[in-house]
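The structure appears below as structure tokens.
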Amino acid sequence: TYALCACILPPDEAPRASRVGGRGYPIYRDIERDGHAWSVLDKRKSAVIARPVTVTPATESARDKAAADLVEAQIKALPFDRICKELLDATLIGFAVSEIMWSSTPAERRATGAIPRSQDRFKFDTANALRLLTRSNSSTGEPLPERKFIVHRHGGTDNNPYGLGLGTRLFWPVFFKRQDITFWLTWLDKYGSPMPLGKYPGNATPAEKETLLQAAIAIRQEAAAIIPEGMLLELLEAKGGSTDAYERLARYMDEQISLIVLGETMTTTAAGAGLGSSQADVHNDVRIELAQADADLLNDTLNQTLVRWIVDFNDPGAGYPKIGRDFSEPEDLTAKANRDKTLSEMGLEPDDAYLTENWPGWRRKAPTLPASGSLPPEGAAPGLGAAQRPGGAPMPAFAAG
């Protein structure tokens, strides 16, 4: 059990943290308190874990296939999608750490779970190795055991092992939106309902002024009020100005948040595309490409850590399999049928091999045969008909199939 320690900020975070009270990583976690920001970030992560997991052996040898089966069995026994989603927190913050729990039996060393750990508890040394900050060593941290902690980075480089998450881009749009909504609520509080205005004569006594004030307060609270004769009490309503500017700014910031996280806006703003808009399909393709890129980076992290650790513990020397996510989309049969219809109208005809491969379960219709004894069409050339044997005998009908 590791004790929670004081936060040691990485160098690239210090300037930003100092501008907002030295809060460090919680600055970026607070971004998810915004409903729209949380929604698009969760949408981006869910687009990865919604895809089925694949495990490909290193080679076709029996040993490498057995290693792949071992990795696949352990992954299926884990809450693997939850682990992946927790590691994808690096998308916002820059890096994410997950501690693997191991159990041993005489036959196998098995990964039984993973616990996400707060970024505040770690720092990296000059060799980019992860170190745990403790109460006794809050400066350089303690070294960690091997094959224990997975570190996933977003935007990391050799010079910055802490990564560069989307929080650095999302901070200001979310901040401006919050300020805008604060002013919006203040405006609504002042002008959402009429404000009472009392007028008293110049010779009014303090008691009369207090009577008028209490009457104004009573009206504000939607209660009845009475005032002495000679005093005036009226309601002020907002003249000019509206909340439209506040709303437009809030929506603009939401669009910027969507653009930063998803690379597009139309899949989160229905009014931006309209029903049937082809541009919405293009924007959705951009979102899927981002999800595939996130999946590739996460798969690379897992293949370099968890997959290798499972093989090294249980079958050292075997080839390392590869974890992947299947992003293949089901074929659009309507578009395919329309294409085949167009080709048929152009005079082309598919062969049996094409039908078997592309339209399994379907076969050509049997030709429609004319009734026995019917006359050939007017103008037809004499000779053998399509449904006649040599000598004029009619051909037998064929059953479908």
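So here's what we get for this one:
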{"quantity": "Surface accessible to a 1.4 Å probe, Ile260 within the full protein complex, Å²", "calculated": "50"}
{"quantity": "Contour minus Cα-Cα distance for Ala127 and Thr112 (0.36 nm per residue)", "calculated": "2.5 nm"}
{"quantity": "Estimated FRET transfer efficiency (Lys148, Ser39; beta-carbon r; R0 30 Å; 0.05)", "calculated": "0.35"}
{"quantity": "Added length on full extension, which subtracts the Cα-Cα distance from 0.36 nm per residue, Gln214 to Phe176", "calculated": "9.9 nm"}
{"quantity": "Net lengthening on full extension, Ala337/Asp81 (0.36 nm per residue, minus Cα-Cα)", "calculated": "88.5 nm"}
{"quantity": "Residue-level accessible surface for Glu349, protein heavy atoms, 1.4 Å, Å²", "calculated": "140"}
{"quantity": "Long-range lysine pairs (8 or more apart or interchain), the stretch 127-212, Cα under 26 Å", "calculated": "4"}
{"quantity": "Residue-level accessible surface for Met346, protein heavy atoms, 1.4 Å, Å²", "calculated": "130"}
{"quantity": "Qualifying lysines (Cα of each under 25 Å from Cα of Lys341; at least 8 residues distant if same chain)", "calculated": "Lys365"}
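The values are calculated or read from the model by the stated rules, or taken from the named source; none is laboratory data. Predicted model only: the values in this text are computed from it and were never measured. Note: ideal-geometry Cβ built from the backbone for every residue, glycine included; neighbour counts use all protein chains shown. What goes into the accessible areas is simple: the full protein's heavy atoms, side chains included, and nothing from ligands, DNA or RNA. Shrake-Rupley method; radii C 1.70, N 1.55, O 1.52, S 1.80 Å.
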